[in-house]
Each structure stands twice: as C-alpha cells, then as structure tokens.
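One structure below.
The values are calculated or read from the model by the stated rules, or taken from the named source; none is laboratory data. Note that this is a predicted model, so its numbers are computed, not measured. Because the Cβ atoms are built from the backbone with ideal geometry, glycine has one as well, and the counts that use them run over all protein chains shown.
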Protein chains: 2
Amino acid sequence: MVHADEKSLASQLEAADVLLVWDFLSDAVREAWPGDGPRPRWVHTPSAGVDRLLPELADGRDTVITNARGVFDQPIAEYVAGLVLAMAKDFRGTWELQRQRRWRHRETFRVGGSRAVVVGSGPIGRAIGRTLMALGVNVDLVGRTARDGDPEFGRVHATASLHGPDGLLGTADWVVCVAPLTEESRGMFDASAFARMKPEAHFINVGRGQHVVEADLVDALLKHRIKGAALDVFAQEPLTTDSGLWDVPGLLVSPHMSGDTVGWRDDLAEQFLDNFDRWEAGEPLLNVVDKHLGYVPTKPASHPEVS
Amino acid sequence: MVHADEKSLASQLEAADVLLVWDFLSDAVREAWPGDGPRPRWVHTPSAGVDRLLPELADGRDTVITNARGVFDQPIAEYVAGLVLAMAKDFRGTWELQRQRRWRHRETFRVGGSRAVVVGSGPIGRAIGRTLMALGVNVDLVGRTARDGDPEFGRVHATASLHGPDGLLGTADWVVCVAPLTEESRGMFDASAFARMKPEAHFINVGRGQHVVEADLVDALLKHRIKGAALDVFAQEPLTTDSGLWDVPGLLVSPHMSGDTVGWRDDLAEQFLDNFDRWEAGEPLLNVVDKHLGYVPTKPASHPEVS
C-alpha cells in the first residue's frame, strides 16, 4: 500500500490497482488522471457524491468507481429534520434574542401537516423523506425519472414536475436538495426555481453547492421571494471570511457537515475495507457508480460489474 | 358575559357561574378566589398546567376546573424534538460561528439510537415520547405511578425509578421534564438529580420553571456535570434583563413558547366554546382536572363530573 498526496499522485497512479480517495474534497484525482496510460482498475471515494471524479474517470475504459452509499443516510436525514424544526420554531431568532438578553414571545409554526419536496431519490433523499414523514410532514420525492408504486413514497416524481404553474415547487413549505451533481442538476435552483416557490417556503441544500445559483438565492431572500434557506454546501468551500453569504438575512450557513457524525471516518474506512475484501476475493463490489448517470442507481447498474 | 381584569376580578367572581381564565399566566384568580362566599361552579384555564389555580381552588366545594389538554401536545413534541436535534447537531454553535464568519467543520452526534427519559406521562409527554421514538430514540416514559402494558411505551416508570445508582437518570442522553407542577414534582430537578445524569446528557424543561432548582442547574452546567440544557420555562417569568440565566454556557433559553404555534389562541378558544356548549346542554365537561392530583388523569377522574 502506498500513500500519495496531491503532488505525488500523478506519478503513482499508473502503478496502482486500487485507489482510495480518502481526501474526497480534493480535485486531485481528476487532475492527475492519466488520459490513456495505465490507471487503477478501481477507485473508491468515501463520499456520497462522485462529482469530483467525473467526467474524467467516465471514459469507456474499465475503471470502476464505488462510493460511500449508505453511511450518510441517517445522519443527513437527522440534520435536515433538525433544520426543518429549527426553522419552523425560529431557534436562531430565539438564540439571537438570548444573546441580547431579550424575552420576546413569538408564535411559531407546526411541522406536522406541512409539505416538503425532496429533490433526490437516492438513499439519502429517501432517508430524509422517511424522517420528515415520521414528523407528520407530507413528502413528495423527486428523482430523475417518474415511477409509481414506491413502497414508501407512492409516486416518485420526475424532475420536470418541479416546474410549471402546477409544479411541485409551488406546493412546498420545505424544498430540500440532495440530488447527485450531474450536468442536468447543476444550477437547477436558480431564479426561475425560487420564483416558483411560495413566499413562506424554506430551501435547504445538502447536495452540492453547484446545484444552486447562489446569487439568485441571495436575491430571492433579500426580496422575500422565499422566507429562508439553509446551505451546508457551497460552490466554493470553505467559504472565505469575506464571502457575502455569511450574513444574508434568513440564510443559515453550515460548513459541509450534515453527514459527519462522531465515528463517521471509522464507518467510511470499514465500508472500504469490506469492499476491499470483496475485491481480493474476486467478488462483485458494492456501491458501483453508474459513470454515465453519475451515481449508484437504486436498481442494479446495466454495466458489467468487476469480478 | 362580563370581562374582568386583575383589579375587578375579585368583585365580579361571586356573580359568575363560569370563569374563563384567558390570561393563564396570571395569578389573579388564585389571589381573588373567595374563601367561602359564592364562587364560579366552573373555571377553565386555556393552559395545560393548572398550578396557578391550585391549591386555592382545590377545596371540597363543587367548583370544577378544566384545562386545555390536547391543544399543546403536538406543538410541544415538535419543539422538544427540534431541541434534541439542534443540540445533537450543535446548531447554536454553527450559527454563532456564522455570525463570526468562521468556517469550522465539526463532528456531531446521531440522535437515532440515543436514549431519552421523558418525565411526565400525560398527553404532552406521550406526544414527545412518540415523536422522539419516530426519530429512532429509545424512550423511557416516567409517570406518577408505574404501570405495564402501555400500548406505545410498554412499561411506564414511576418517579422513584429516576434515582438510585441504577436509576433512569443515569441512562439518558436526553432528560425531558414535562410533568405537571405538584408538591411532589416541585424542585425535583436539583443537584442530586443532575449528579445522577451522564456528563454527555442534556436536560430540557418544557414543564414549569419550579420543577428546576435553577441555581443547581447552573452549577451543573458550569462544572460540566451535564453537557447542556434548554429551558423554556422559569421560576420567574419573564426573565429580567439582568438574570444570570441568559448567558450560562451550554444553556439555551426560550421565552415560554414551546406550545404556541400560529392559530393556538383560536384553538384554545374553540376548545373552551366546545366545552361551554356542553355546559349549557347539561352534558359532562371534557378535560376535568383532578384537583388533588393537580392534572387531568388519563383514566376518568374518581370525583363526580358536573352534569
């Protein structure tokens, strides 16, 4: 086993059979990837998103990509449920008043009976939807393609059903983005999307910063087109001290931590080691990414698995 | 119908058949209550707690007290679930860092699999327990007396089982107080109770301020005997600007608002009017308080109902 950093990676890639991208927030792999030469046959990223590997690793060659599908489901679902409750109950307002030593009773909102649209129908989106439903929220789940008969959500809606005068965006009290970042989903939350939402709606992004046109979100908040938003991910991370996003009224900012609960790195390492055992035993790998879709499909991928 | 304020109440009480205590945070009724003279036959408080009416209204005479049982169940359950998630995910820390424009990733805690002890087995306590269970929390419900075979919680524990070396207080990540305020429960969360809790535990009070010995809680927080606490109720309300509770490290303060969601006053008025229809029709009233227990028992009260 060889450890590589961002500088040495390019020179070591051609000798590697397997690459574990432990620093999954780095773009080093995509930048170092050999166009034609020898390359690892298997690349594992201990993250849910694989957007930092694609499209460079998506050519026709036989490199398999696996991800951390599953590890982040419940942590992120709890985080989003917490944000929904915190926004409904205005906890930030309460704690700001506490800081000012001011007692100011306000009425807050019920979460039960409200409506959420969760954009992203993978295991994290499903866990978010399930958790919100447990709190009495009516949930519409949105995936790439529509399908009926989902055992938990009934109909899963297609992305196209978000827009239009009768679109789902106009029905939601909570719009949650947890989609994989692909060419189709990049920038999907822009001025036209925020214009479709209700003035009482809140937007939550735990997907990727590039799903959101940040200037459009800021504009929507400043003009009260929507009531509030929470971003855990950003186009540029970390946010710099002089970023304008820190103090937009109604915007909650957190440092890309929604899925990171105590023990998460151990969980991620165990998940890789389990897959590595399969690799050495010649068994099919788990969580193989469909490199053309850009995520692990819920149904088995159509491409051949490594054996 | 006659409207009375704190000054005119005493002179109007003896002519009244029915008293609606709309300002349920006032002690005026207890102070104005006639010792022996004519008095209302029915007093309704649009609150869950009746501690501002007792013990003065609990003598042997036939005045019936009813309360707002039911209206606050789901709002307070959501509020407590929100606090649990917010504390597990350290939202206050995140928003304080946001105010300082600082990006600092931290690991947070899972709520699923943690343990809560909910002290108070009335409808609000049950709603809190149910909501926490929906988030994957293991819940022990504590009431005045132990009973087995509860359809939702299995065993309901007696208050006595909180203490002792193997007591429930030592098992909990979250200790939630939502008990009625009675002579038995007054001051039950004191230094000895906080000493039983785990250093990682959080304490939440949505019951009454008098359940807590506030100086002992502050001491437990300052000495890191427990990790954090959230108080929505206080011995003296509102908190004055110079109260020491505003800036205790690890203490979240909110202004007695956990149950007050938009429309709550309408809900409370409707609940009273529904009972008033029953009164006028000579039907039994709903939500009759057992004046000796100090709350509406889940099983029918043993005293005769008004007809």
- [ ] Give the number of residues within the stretch B:232-266 that are free of Cβ contacts under 8 Å to residues at least 24 places away in the same chain and either under 16 Å from residue B:83 (Cβ atoms) or within 7 Å of chain A (Cβ to nearest Cβ) (or both).
- [x] 7
Task: From the options B:269, B:229, residue that is free of Cβ contacts under 8 Å to residues at least 60 places away in the same chain and either over 17 Å from residue B:43 (Cβ atoms) or more than 15 Å from the chain's Cα centre (by Cα) (or both) - done: B:229
Task: Pair list, Cβ under 7 Å, 6 or more apart: the stretch B:201-213 residue farther than 12 Å from residue B:49 by Cα, other residue modelled with pLDDT of 95 or more and polar (S, T, N, Q) - done: B:211/B:185; B:211/B:205; B:212/B:205
Open item on the list: Looking only at the stretch B:133-160, count every residue that is crowded, with 17+ Cβ neighbours inside 10 Å and either in contact with a helix residue (DSSP H, G or I) (Cβ under 7 Å, 6 or more places away or on another chain) or on the phi > 0 side of the Ramachandran plot (or both) and tell me the total.
Closed with: 9
TODO: Identify all residues within the stretch A:200-243 that are β-branched (Val, Ile, Thr) and not in a strand (DSSP E or B); write none if there are none.
DONE: A:206, A:213, A:218, A:226, A:233, A:240, A:241
- [ ] Among the candidates B:142, B:175, B:156, single out the residue that is under 20 Å from the mean Cα position of the chain (by Cα), over 26 Å from residue B:291 (Cβ atoms) and assigned to a strand (DSSP E or B).
- [x] B:175
TODO: Would you point out which residue out of B:126, B:99, B:69, B:130 is closer than 15 Å to residue A:134 by Cβ and of a type in the set (Lys, Arg)?
DONE: B:130
TODO: Go through the stretch A:24-120 and tell me which helices (runs of 4 or more DSSP H), entirely inside it, have 1 or more residues that are away from every other protein chain (no Cβ under 14 Å) and of a type in the set (Val, Ile, Thr).
DONE: A:28-32
Open item on the list: All but one of (1) farther than 19 Å from residue A:48 by Cβ; (2) touching a His at 6+ places or on another chain (Cβ under 9 Å) hold for residue A:177; state the number of the condition that does not hold.
Closed with: (1)
Open item on the list: Condition (residue is under 19 Å from residue A:52 (Cα atoms) and at pLDDT 95 or above) applied to the stretch A:221-230: is it met by at least one residue?
Closed with: no
- [ ] Quick one: residue A:108 ticks every box in (1) touching a residue at least 24 places away in the same chain (Cβ under 8 Å); (2) surrounded by 22 or more Cβ atoms within 10 Å (Cβ to Cβ) except a single one, so which number is it?
- [x] (1)
Task: Residues satisfying the stated conditions in the stretch A:30-67, i.e. touching a helix residue (DSSP H, G or I) at 6+ places or on another chain (Cβ under 9 Å) and closer than 30 Å to residue A:173 by Cα - done: A:47, A:48, A:50, A:51
- [ ] Residue by residue through the stretch A:102-130, note down the ones that are under 16 Å from residue B:257 (Cα atoms) and out of contact with any strand residue (DSSP E or B) (no Cβ under 8 Å at 6 or more places or on another chain).
- [x] A:102, A:103, A:104, A:105, A:106, A:111
